[in-house]
Structures are given as C-alpha cells and as structure tokens.
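Q: Here you go, one structure.
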Amino acid sequence: MLLLNLDRNADEPLFSQIITQLKKMIQKGVLVSGEELPSSRALAAHLGVNRTTIYRAYEELWAQGYIDSHTGARSVVRNRFSPPEEVEGQSHATVDWSIQRNEGCNRGLSRLKSQEIVNDAASKYNFLPLAPDPDFMPVQAFRKSLNFVLNREGNTLLGYGDPHGNLSLREFIASQMRQHCMTISVDEILLTNGSQGSLDLLLRLFIEPGDTIVVEAPTYSAAIPLFEAYGARLVSIGVEPDGMNLDRLEAVLKTDKPKLVYSMPNFQNPTGITTCQAHRERLLSLCADHKVALVEDGFEEDMKYFGKAVLPVKSMDRQGIVFYLGTFSKILFPGLRVGWIAASIAAIDDLTALKKISSISSNSLNEAALAHFCGQGHYERHVKRAHRIYRRRMQAALKALREYLPAEYGAVREPRGGYTIWIELKGCNLDEGGIIEALSEAGVSVTPGRISFVETQESASFRLSISMLEAVEITEGIRIIGNTLRDLAIKHRPPAALNAAPNSGKPDD
Ligand code: PMP
C-alpha cells in the first residue's frame, strides 16, 4: 500500500495533502505510468479517512492530467507530458522561429528596424508625431455617444457586427464624400481598421511576391515595410513641387507593369505637397489607360485650411480605377482605428469577404459610437475647431521658417493644410544623421527624411509636424533649428559661405 503521511494538525486539508504527495510520487517516478492506484475504498481504509476525501483527491489528480479514471476500473497513472521544471530566475531556451519567417516578412521587419528613430518624449520641442493633439480631442462628447449607444443597443453592439461596418457611419461618410464631390453609395464603402488596415486588405487582394507597386519618393514611411512584407517590389518616383513626376510614371507603367500606384494628392506625407487639378486628371488617365489600380490616400482630406480645396482624384473616377482611403485618425481619434475604403461595389464585395476571413467583423461599438457622434454634428464642429487651431500653428511655423531658416540651407514648401512641413537641405553637404543628432541635443525632435525613401535620398531632409506644439513653442523650436543648422554649416563649410542671409522671401515652392 502507498506510503502517505498525513498530518491531521496541519492547515492544509487532508485531500490536498494526498494530492500533493501523490503528484510528487508521480513526478519522481515512484509511481510510473500505467501503474494502478489503490481503490478509493482500500486507500480510505488504509489512511483512516473518509472515502469522499480520496474521491476528491483522485478527481483533482485526473483534472490536472496525472491519472486516468474509468468507471468500474481502478485509476491508473497517466503517461504525462512533463515540461521541464521551472527554475526561478532561469529562462529556458525557446525555439527560434525567426528562421521560419517568410521572405517578405524578413524584408518588412528589417525595413521597420532600419526606420527606428529615437522618439525622445522628453524633447522640449517635439515635431515628430503626425497625429491630432490629444488636448483638443472631444473626449466628453464621444463618451456621451458611447454611453448612448451602449444603453440603446448594447446587446447587439457587443455581438459580431456587419462585416461592411456600421451602416449609419457609412451613410455619414458617403455624405462627407459628397461634399468633396465624390458620389459614393454606402455599398461602395467598407469600414476598416484605419487606413493602414485598408492598405493591408488591398495588398492581400492584389499583391503576390514580386509584383510591383509604384510609390512616391519620399512616401509615407509606414507603407514601405507593409508593402515589403507582402513581397512587393517597390518602384519610387520622385515627388516634385507639383507632385509625382508623371512622365516618369508613364514610362514605369509601360515597362514595369505595376499592380498598384500609391499616391497622396493632399498634404503628401512627408512633403506636405498638394497636387493641382491637372496633375490629378493626368494621374487618373494614366492609371486608367494602363488599367492599374490607383490607391488615393486621402488621410487628411478634411484638413485643408488655406485656400480652396482641390477635388480628389476619386471624384473624377468613372471606371472604378481609384481605391480611395479615408480615415478618422488624423482629425479625430487615431486610437479608434476606424478608416474606410471607397471603391466599386464588386471590389468592395471582395475586400469585405477578405476582411471577414481575417477579422470576421468590425469593432461595432466604436463604429456605432462614432456614427452617433457624427450624427450629432460633433464631427463638423470639431473640423472647424481643428482648422482654427492648426492654421494658427502652421502660420506660426511658416513665419518662423522665413525668419530663422537660412535660405541657402533649407528649401521649405508651404503646405495648404495638414500638419507637416518638409525641409530639404539642398546644396549643403551636411549629413542627415548628424543634423538630427545635433537638433536632438538642442532639444528639438524631427523625423529624418531617410525613413521615407525606399532607396537612398538625394539630399539631407527632415519632416516637421506642427500638431502637438503651441505656436510659441513652434516658433522657438524653429529658431533653434535655424541656429543649429547655421552652427553646423559653420563647422562644415568654407569661410566664404558663413555670412548667409536669413530667408527673406517666400520659401521655395
Ligand atoms: N496614410 C498616411 C499618409 C498616414 O500618414 C497614416 C498615419 N500616419 C496612415 C495612412 C494610417 O492611418 P490610420 O491611423 O488610419 O491607419
């Protein structure tokens, strides 16, 4: 019979002492797999305990996988998988899965790594984040909408939703798009997990490893690793003051037969350039002639606060060439992860099916709250407020750049809205890494230009985003940038060039 020592004065209940001791005997091999345990009646009699105590202990050992039990038969020790014992403070060698990653992922991940920049949150003048200022987020109004929809239809909203996304929100988006002259029905809109999620769906629909995607140079930095993770071959076309070079695009469309052309006609990230109507018309007709899908990233469509709006390319599309991407991230709440794709019904059907395959449905609660929020007029009110705030900040930035950035070091393009300003240090032999480091030491964080290029860039450049700083901070930050560039130039240039005059006229556009 088993040798178990029960301590009747201990705090630990008897059944638990039996479990602990039997487990130890199995772990140490005193009891081996297949060995029969005594019947509950025999063990109870032997230990002088109630039979239900043994039942409980055997039941728990079975639940923990130590023994097998069958009615009418004796319990037997199981052949149990025993993971290596945990030793405190010592980690086990884990399997190295990286060798099994696919080729696209390898490229995407190493690109992402190469794009890592130091986001010094402590930096006094932080021109990095391209996101709305959290201080102006209409949080209370959104909270009320969230409560309202939860009260009204919480049971439905906490279940799986329509994979197309919330109907009222799609109706609101369709009405907004009409204001930008895009006639789109709700069936031509799919709600997604932000524009990044929209891009991901499009890549899944179109891209096989080795397929070509045309991107602007520079382009939205986070699109590069995503495209590469799908194994796409990227062909970059330079962005000129009036947008992507379309003669070059025409040539590439003929020779490289791309599957997608990715473009940001408004406030291009990172250059801030907005293309003109004629550029948009030619871009569309080139893609239509070659039957190539044009991905129009309208990430800041509602952020035009200087001058008249130019019509989106999608507004002229009669053949379903354009896949228009919209998002609530840049004007409202990036954390909600709500964006959309507007395209032909057939394409939206395919994309919806793909979304269903990977994520079943949308985040119904967020979408319903956002639909209610927009339906109450908060979106339009917020856009007006955002325009006032960011116009003021952008004006301060442009004024300071004229005043403090020596003309011969920096070429600045004045954006017509959005958050970003691109500074290209043409004709100056300063190294971009050195500039970024010197600025950071002076308390200013900027986004290095290199991360926005697939290949190497021509000259040092960097991006400023004015979204998070007050006008006075922007002015001071830019004054420091001007001084730092001047100091660096003094260190690195021949004496003749030292007396650079401040930039007096309108910046180079
Ligand atoms: N496109 C561009 C040009 C962007 O700058 C960003 C975000 N920085 C996105 C798309 C992704 O936005 P979302 O939060 O909607 O995924």
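The values are calculated or read from the model by the stated rules, or taken from the named source; none is laboratory data. This is a predicted model, so every value here is computed, not measured. Because the Cβ atoms are built from the backbone with ideal geometry, glycine has one as well, and the counts that use them run over all protein chains shown. Side chains included, ligands, DNA and RNA excluded: accessible areas come from the protein's heavy atoms. Shrake-Rupley method; radii C 1.70, N 1.55, O 1.52, S 1.80 Å.
Q: Given a Förster radius of 60 Å and the C-beta distance between ARG282 and LYS144 as r, what FRET efficiency does 1/(1 + (r/R0)^6) yield to the nearest 0.05?
A: 0.80
Q: Determine the principal axes of the Cα atoms in the range 99-140, then give the extent along each, sorted from largest to smallest and rounded to whole angstroms.
A: 46, 27, 13
Q: To the nearest 20 debye, what is the magnitude of the charge dipole of the chain about its Cα centre, counting +1 on the Cβ of each Lys and Arg and -1 on the Cβ of each Asp and Glu?
A: Numbers: 56 positive and 60 negative charges, 176 e Å.
Approximately 840 debye in magnitude.
Q: How much length, in nm to one decimal, is gained on full extension between GLU408 and LYS113, taken as 0.36 nm per residue of separation minus their Cα-Cα distance?
A: Gain on stretching GLU408 to LYS113: 102.9 nm.
Q: Order the following by accessible area, largest value first: HIS290, HIS180. Probe radius 1.4 Å; ligands, DNA and RNA are ignored.
A: Descending order: HIS290, HIS180.
Q: Could you pull out every one of the aspartates and glutamates with an alpha carbon less than 12 Å from that of LYS399, ignoring same-chain neighbours closer than 8 positions?
A: Here the aspartates and glutamates satisfying the reach criterion relative to LYS399 are GLU414, GLU476.
Q: Carbon-plus-sulfur fraction of the accessible area of the chain, 1.4 Å probe, in percent? All intermediate terms of the calculation are to be shown ahead of the outcome.
A: On the way: 12830 of 24910 Å².
Looking at the chain in its full context, I get 51 percent from C and S.
Q: Distance check, please: which entries in LYS254/LYS426; LYS304/LYS491; LYS257/LYS304; LYS291/LYS355 exceed 28 angstrom between their Cα atoms?
A: Over 28 Å apart, Cα to Cα: LYS254/LYS426; LYS304/LYS491; LYS257/LYS304.
Q: Length gain on complete extension for the stretch HIS492 to HIS46, per 0.36 nm per residue less the alpha carbon to alpha carbon distance?
A: My answer for the length gained is 151.4 nm.
Q: While we're here: Where in the range 66-139 are there GluC sites (Glu not before Pro) that are in a DSSP coil and have at most 11 other Cβ atoms within 10 angstrom of their Cβ?
A: GLU85, GLU86, GLU88, GLU116
Q: On the full set of protein chains, 1.4 Å probe, figure out the accessible area of VAL76 and give it in Å² to the nearest 10.
A: We get 40 Å² for VAL76.
Q: Next up: Which one of CYS276, LEU253, ALA309 has its Cα pushed farthest toward the positive end of the charge dipole of the range 230-313, where Lys and Arg give +1 and Asp and Glu give -1 at the Cβ?
A: About the Cα centre, the residue reaching furthest to the positive side is LEU253.
Q: Given labels modelled 7 Å from the Cα in the Cβ direction, how far is it in nm from SER440 to SER185?
A: 5.3
Q: Also, I was wondering about something else. Given the -39500 (n - 2.57) contribution per DSSP H run of 4+ residues, what per-residue ellipticity at 222 nm results for the chain, rounded to the nearest 500 deg cm²/dmol?
A: Calculated mean residue ellipticity at 222 nm is -13000 deg cm²/dmol.
Q: A further question on this structure: How much length, in nm to one decimal, is gained on full extension between THR20 and ALA93, taken as 0.36 nm per residue of separation minus their Cα-Cα distance?
A: Once the chain is fully extended between THR20 and ALA93, it gains 23.4 nm.
Q: Compute the accessible area per residue over the chain, keeping the other protein chains in place, probe 1.4 Å, unit Å². Working shown, then result.
A: Numbers: 24910 Å² over 509 residues.
Accessible area per residue: 49 Å².
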